[in-house]
Amino acid sequence: MRDIRALDRQEKNYNSSGKFLSDNDLRKELTRLKQTEEFSWLNEVSNNIPKQAIKDACEAYKKFFKHLAEKPTFKSRRKSKPSFYNDNLKLKVNEGLALIEKIGWIKTSEQLPLGQKYSNPRISFDGKYWYVAVGIEQVCSVEELTTEVLGIDIGIKDLAVCSNGMVFKNINKAQVKKLEKRLRRL
């Protein structure tokens with residue numbers, strides 16, 4: 001079941017009953033569809049890809065009903081970029097290689113950080129190259145704030161003058177002079 005079928009089911013259900021189908025119901029329907037002859041090809045791809053597409057479609061509808069986004073629309077073959085989800089537990093990374101589920105090891109032009117916890121890996125195609133986008137948890141250092149109070153005066157001669165005596169020169173002084181001269185001439 002692609003994203004299109006999930007959107008279609010949501011549309012029909014909303015028009016008939018005025019209710020929203022949960023992603024669990026749609027995923028159960030997907031499992032039943034996989035057992036039919038017509039959709040047996042879905043067993044050749046990772047089960048996480050269509051499930052994530054259903055989850056994304058349901059999330060789009062939830063945002064629509066909360067008035068946080070516009071109504072979800074069907075994808076166009078011409079305008080949409082081919083992309084899919086990969087399970088973050090099954091994404092493995094080695095030196096210059098990444099393991100994509102059901103595809104195998106692929107070469108990467110940039111080294112993904114090793115030994116990191118990856119989240120929400122997405123694979124996309126721009127017509128020439130495939131891209132892997134992942135989220136990586138990083139520890140950020142917290143900088144201590146000082147109790148110093150600083151006033152800033154934005155001026156004409158200088159860009160800014162601070163109350164602690166720091167002066168920032170005007171970065172475009174020559175250009176401003178040129179424009180002022182042109183303005184006087186006009």
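Laboratory data are not the source of any read-out in this text; all were calculated from the coordinates shown. All values reported here derive from a predicted model rather than from experimental measurement. Heads up, the Cβs are rebuilt from the backbone with ideal geometry, glycines too, and the neighbour counts pull from every protein chain shown.
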So, relative contact order of the range 51-186 in percent, Cα under 8 Å, 6 or more apart, is 12
What dipole magnitude, in Debye to the nearest 20, does the range 113-186 give about its Cα centre under +1 on Lys/Arg Cβ and -1 on Asp/Glu Cβ?
980
For the chain, set up a GNM with springs between Cα atoms under 10 Å and report which of Leu97, Leu145, Leu89 has the largest fluctuation.
Leu145
Given the options Thr108, Gly135, Asn120, identify the residue whose Cα lies farthest towards the positive end of the charge dipole of the range 101-153 (+1 on Cβ of Lys, Arg; -1 on Cβ of Asp, Glu).
Thr108
For Trp41 and Ile152 in the same chain, what is the full-extension length gain: residue separation times 0.36 nm, less their Cα-Cα distance, in nm?
33.4 nm
Is there a quick way to get the dipole size of the range 1-76? I mean about its Cα centre, with the Cβ of Lys and Arg at +1 and of Asp and Glu at -1; what is the value in debye to the nearest 20?
280
Compute a Gaussian network model of the chain, connecting alpha carbons closer than 10 Å, and tell me which residue from Val176, Val93, Val134 fluctuates the most.
Val176
So Val176 and Lys19, fully extended at 0.36 nm per residue minus their Cα-Cα distance, gain in nm 50.4 nm
Candidates Phe64, Phe168, Phe39, ranked by Gaussian network fluctuation over the chain, Cα under 10 Å, top entry:
Phe168
Diffusion coefficient, µm² s⁻¹, Stokes-Einstein with Kirkwood Rh over alpha-carbon pairs of the chain at 25 °C and 0.890 mPa s:
111
Tell me whether the range 98-179 comes out rounded, prolate or oblate; compute the Cα gyration tensor, take square roots of the eigenvalues as a ≥ b ≥ c, and use a/c under 1.5 as the rounded threshold.
oblate
Where does the longest stretch of the chain lie that holds no GluC sites (Glu not before Pro) found in a DSSP loop with 16 or fewer other Cβ atoms within 10 Å?
149-186
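Using only DSSP helix segments of four residues or longer, with each worth -39500 (n - 2.57), what per-residue ellipticity at 222 nm results for the chain after dividing by its residue count and rounding to 500?
Working: 4 runs with 58 residues, N = 186.
Dividing the helical sum by the residues of the chain leaves -10000 deg cm²/dmol.
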Please give, to one decimal in nm, the separation of the simple spin-label points placed at Met166 and Ile136, each 7 Å out from Cα toward the Cβ.
3.1
Of all the stretches in the chain, which is the longest one without any exposed loop site, taking trypsin sites (Lys or Arg not before Pro) in a DSSP loop (any state but H, G, I, E, B) with at most 16 other Cβ atoms within 10 Å?
20-65
To the nearest 0.05, the calculated FRET efficiency linking Lys12 and His67 through their beta-carbon distance, R0 being 22 Å, is 0.50
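Rounded to the nearest 20 debye, what is the charge dipole size of the chain about its Cα centre when +1 sits on each Lys and Arg Cβ and -1 on each Asp and Glu Cβ? Let's see the in-between values first.
Details: 36 positive and 24 negative charges, 242 e Å.
Dipole about the Cα centre, nearest 20: 1160 debye.
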